[in-house]
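Bear in mind that the values in this text are calculations on the coordinates, not laboratory data. Just so it is clear, the structure is predicted and the values come from calculations on it, not from any experiment. Using ideal geometry, Cβ is built from the backbone for each residue, glycine included, and neighbour counts are taken over all protein chains shown.
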């Protein structure tokens, strides 16, 4: 992973001007303006249940990727293989996005193309029952806006709930509401289609905004995002939709205002900082739509090149992996080859900025595809790997793991599986022009995503264009991919996902490399312990983390965490790294087996705990040691939001069981505490910006270890059996096939069947394994996986004292050396450039 030196650039925290949150504990970045001269830019195994189970994990070598032709004014996103041509790219029949085979050559065609994306285009059939539902949703939004719109001659606001002159979010929200009216006015079959009164309302509202809120002569305040992205984007979209209904001179006045706030696809914010990650794509898209409206073709060239950051020699390309060999590093924000995505410098953000980057980029590529402004960067192919590694393993039957959603988990609008909608829509836009193998794979994947989410019907919430494309895929004979079964670790953002047929577990940690949580803009105020070893369990209760989980769960008792229970101020310690390097683990390729560990250092306290999770198929073994602190400390085994509140909780010596969730075994018979409670809270308590004041009550079952006040050297050891029945839990407790081999400051290690898994905090020996320093090691059958979770070592030496083995891996394998040592073997792994990823050695 390229060196990301603190002090290089300021993270793009969406409002540097707000002061209600505490400042970063150690500000480590300084703003820097671009001075570079324009220049040309120079895993682990998986298995799946169901049909089409094999992932297409390799694509063709680096080449000039072409975005193929326009179909009826709507471009195909084409990343063809060597033999593919635009005319032979497979398309999803019937989609508004693929209705012709002629490439766009003028900005007028691009404008029509963008209008199709916004409304579904003229081919949308309002008599179609599914589309009628989508159109009715558009009408309801417009009706709501029209009902409360102030039309008085001397109005001081457009809508009474958006009247602030100090909150920039009200500027963007006003424009979004005007856009809702414009979408209805332009949507085929809408009750407001072409309505002259609505057009008058829109024109009047735009004039009022330009006179009173948004023009070069007016002050900007609060959050740059609302001026340069949120408001500008909705403003530009409205101008596209009402292009012929707004006089040219007026339209030019408006686009000049947009250009004033968002003039450069590479830079943003009032002090013109370099835009990175999702912000760069958002900014570039605003510039692109403004350029289309103005016929500004040179700006479209700059938009195309901004995606690759040609002006910065590729340092902040959104298409290249940040850890690509030889890449000139920028802020480190964006995608990594293991699927990690970072934004705001060190925050894991696949489910926030990452999903928005995919959704917006797919739309921008759709706009430019098949034109002279086509993106030709070979790194564009990485977008397929984003879907494979950065999104798919973090999605669970329509939900998206909260550990990678940043502050968005504290927004009521982002629950109920809402984040995955953006991922599905973005993927749908890629399918029509993808190379045939990729189109087949993505089709199977989208079909799986949509059909397995029985909690939220994608067809009832998406836009008309995506609805038609999705419905065509669902009606096709192509089989769905099947349920994901994989153990996937993300060393570059300190997260892990463990998918089994009946459940999924997500692990959330942080280290010296990754921030603990984000709480800016008065959001996510109680995220203190989201990365202190939080365990997210997903089962057939698809609404568990929806249904107001985040405001009502006890934030001091998140499952899996070890915490000092002292009460904390809102946003306390946010954007902090740990003093510890040891976070990560080893994953066995092709198996759902892995070891994961964390050297936990409590922020602002002297709390320390060594924590391990050993995930072996349907079992998770949890081990903790060295728990020491000044305050009262707890380790939370479970804190489950219940479906009814009447679920049976059964506790016995050495185990307990929660109906509908699973079993928990305590082999050492250390007493645990339990609590059944109804918790009442409001969204406002965790989000002052978007929260509501309505009280919500939800039932919870909590189980925890009470380590007491000022513990020294405390520990825990339990086995979690997700989805196990009561009888299965009793049986497992009686047989107890798990052996705890070590739990101290040297190592945590367990054996289960033929699996030996160990996290070495320092050099030491466990059973047949000896390491020369920190390492995570898993041995199963003839496979040994080894990693350096500290990501600081140059090599790891592991001695395997196990006779009767013959190595398949030889010294010819890059970065590995296997040699005879006594009756066993010595394995030396070069970890210099592995960045915490596992090395695999195979024996017969």
- Query: To the nearest 0.05, how large is the calculated FRET efficiency for residue 833 and residue 133 if R₀ is 45 Å and r is the Cβ-Cβ distance?
  - Reply: 0.30
- Please state the relative contact order of region 104-262 as a whole percent: Cα pairs under 8 Å, 6+ residues apart? 25 percent
- Taking region 427-472, the whole-percent share of alpha-carbon pairs separated by over 15 angstrom is 43 percent
- Query: What's the percent breakdown of Cα-Cα distances in region 440-526 across 5 Å bins, shortest bin first?
  - Reply: 3, 11, 15, 14, 14, 14, 16, 9, 4, 1
- Using Cα centres only, tell me the gap between region 518-545 and region 365-417 in whole Å. 20 Å
- Item | Compactness relative to 2.2 N^0.38 Å, alpha carbon Rg of region 376-475 | 1.08
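Could you work out the relative contact order of region 489-736? I mean the mean sequence separation of Cα pairs under 8 Å and 6+ apart, divided by the number of residues, in percent.
Numbers: 615 pairs, mean separation 50.6, N = 248.
It rounds to 20 percent for region 489-736.
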- Task: Quick one: work out Rg over Rh on the C-alpha atoms of region 737-843, Rh as Kirkwood radius.
- Result: 0.94
- Task: Take 554, 222 and order them by how many other Cβ atoms sit within 10 Å, fewest up front.
- Result: 554, 222
- Message: Could you list 283, 424 so that the one with the fewest beta carbons within 10 Å of its beta carbon is first and the one with the most is last?
- Response: 424, 283
- Given q = 0.09 Å⁻¹, what are the Debye log10 I(q)/I(0) values for the chain, with equal point scatterers placed on the Cα positions and solvent ignored? -0.90
- Here the convex hull volume per residue of region 125-181, taken over Cα atoms and given in Å³, is 86 Å³
- Task: Take the Cα coordinates of region 489-736, assign each an equal point scatterer, and use the Debye formula without solvent to give log10 I(q)/I(0) at q = 0.10, 0.14 Å⁻¹.
- Result: -0.46, -0.95
- Cα extents of region 104-262 along the principal axes, largest first, in whole Å, come to 46, 40, 26
- Message: Quick check on the exposure proxy: order 198, 784 from fewest to most C-beta atoms within 10 angstrom.
- Response: 198, 784
- Length-normalised contact order of region 696-831 in % [C-alpha pairs under 8 Å, at least 6 apart]: 13 percent
- Could you state the number of Å between the C-alpha centres of region 810-844 and region 573-587? 25 Å
- Task: Once you have all Cα-Cα distances for region 304-484, histogram them in 10 Å bins from zero and send the whole-percent values.
- Result: 9, 37, 36, 16, 1
- Query: Rg (Å, one decimal) plus Dmax (Å, integer) for the alpha carbons of region 583-660?
  - Reply: 16.1, 43
- Note on the structure: From DSSP H assignment alone, runs of 4+ in the chain each adding -39500 (n - 2.57), the sum over residues rounded to the nearest 500 puts [θ] at 222 nm at -7500 deg cm²/dmol
